[in-house]
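Following: one structure in structure tokens, then a few remarks.
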Amino acid sequence: MNLLETINLSFNYGKQQVLNSICLKIPQGSIYGYLGKNGAGKSTTIKLLLGLEKAQKNTIYFDNKEFNTNRQGILSTIGCLIETPSFYGELSAHENLRYLDILYKCGEKQIQYVLEIVRLTKDQDKKVKYFSTGMKQRLGIAMAMLCNPKLLILDEPFNGLDPEGVYEIRELMIKLQHEGKTIFLSSHILPEVEKICTHIGVLDDGELLFQGEIDSFFPHAQERNLESAFLNLIAKKL
């Protein structure tokens with residue numbers, strides 16, 4: 001079953017076409033990697049999925065519900081982290097989550113749950129301005145998780161992280177998937193995508209060149225290398 005689908009999703013900025021009839025199929029419980037060069041249309045897709053750009057009616061469906069006519073209800077079941085998370089640096093991790101909970105009204109139990117799942121319980125009273133980049137990314141995911149979403153949308157979650165931070169975020173995403181979350185992520189760090197993603201979509205110049213289980217992306221099992229296969233696919237289009 002697909003938790004999220006798009007049907008012929010297209011988008012123009014003025015006369016420039018950014019997306020051309022994109023048909024995404026994000027299976028429930030998957031980690032779906034959305035791959036493409038800079039300017040391919042990944043960020044525009046994410047903006048459309050989150051209602052930050054207006055999509056045409058009957059092009060985005062979440063849990064079989066059309067997005068435009070169910071916008072508020074759908075967005076309440078989606079958590080997102082778009083590039084660098086935003087915090088109040090003078091506040092602690094716990095205080096940042098409490099501030100966000102004014103909107104969500106999930107309560108202290110859920111705050112403690114998300115702090116525990118991202119392994120920030122011991123640092124919850126520390127001011128965020130003293131956090132490492134990896135700790136900030138984990139807090140950003142905790143904030144995205146606060147509303148207990150069905151779907152997490154993560155835009156470049158590995159950006160700026162050292163190897164330890166990359167490992168922490170990778171293990172966290174695998175843990176969240178095991179707990180039943182569906183994760184849609186964009187990333188340029190293809191070796192990490194290869195380690196964690198169950199499905200991928202490859203976007204180039206606004207067109208979806210490939211979509212499916214990650215294992216089916218490789219023509220020969222003994223030659224499994226996502227970066228090489230990705231570059232070969234893009235080259236074939238040229």
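Can you give the FRET efficiency for ASN38 and GLU227, using 1/(1 + (r/R0)^6), R0 = 22 Å, r = Cβ-Cβ distance, to the nearest 0.05?
About 0.90, to the nearest 0.05.
Sum up the charges of everything whose Cβ sits under 13 Å from the Cβ of CYS23, counting Lys and Arg as +1 and Asp and Glu as -1, but leave CYS23 out.
Surrounding charge for CYS23 is -1.
Under a plain spin-label model, where a point goes 7 Å from the Cα along Cα-to-Cβ, how far apart in nm are GLU108 and ASN148?
With each label point 7 Å from Cα toward Cβ, the separation is 1.8 nm.
Just tell me which lysines come within less than 23 Å, Cα to Cα, of LYS47; anything on the same chain fewer than 8 places away is out.
Output for LYS47: LYS15, LYS25, LYS37, LYS57, LYS65, LYS136, LYS150, LYS181.
7 Å from Cα along Cα→Cβ at both GLN72 and LYS195: what's the point-to-point distance in nm?
In this crude label model, GLN72 to LYS195 measures out at 4.2 nm.
With Cβ to Cβ distances under 13 Å as the rule, what net charge do the other residues near GLN177 carry (K, R +1; D, E -1)?
Every neighbour counted, the sum reads +3.
Give, as a single signed number, the net charge of other residues whose beta carbon lies under 13 Å from the beta carbon of GLY89, with Lys and Arg counted +1 and Asp and Glu -1.
Charge balance near GLY89 sits at +2.
So what is the relative contact order for the chain, in percent, with contacts set as C-alpha pairs under 8 Å and at least six apart?
Computed value for the chain: 26 percent relative contact order.
Stretch CYS23-ARG119 to full length: gain in nm at 0.36 nm per residue minus the Cα-Cα span?
31.0 nm
Could you give each residue of region 13-29 its phi-based ³J(HN,Hα) in whole Hz, using Karplus coefficients 6.51, -1.76, 1.60 with θ = phi - 60°, and x for Gly or Pro?
9, x, 8, 8, 7, 9, 10, 10, 6, 7, 10, 7, 9, 9, x, 4, x
Give me the percent of Cα-Cα pairs in region 77-182 that sit more than 22 Å apart, rounded to a whole number.
21 percent
So between LYS57 and ASN159, what do we pick up on full extension, going 0.36 nm a residue minus the alpha carbon distance?
The LYS57-ASN159 span can extend by a further 33.4 nm.
When the chain is fully extended, how far beyond the present Cα-Cα distance does ARG98 get from PHE210, taking 0.36 nm per residue of separation?
So the chain would gain 36.2 nm between ARG98 and PHE210.
Kirkwood Rh, region 1-111, all Cα pairs: how many Å?
16.0 Å
Hey, could you pull the Cα Rg and Dmax for the chain, both in Å?
For the chain, the Cα-based Rg and Dmax read 18.0, 53 Å.
Rule-based calculations on the coordinates, nothing more; no lab input. What you are looking at is a predicted structure, and each value in this text was computed from that prediction instead of being measured. So basically every Cβ, Gly included, is an ideal-geometry build from the backbone, and we count neighbours across all protein chains shown.
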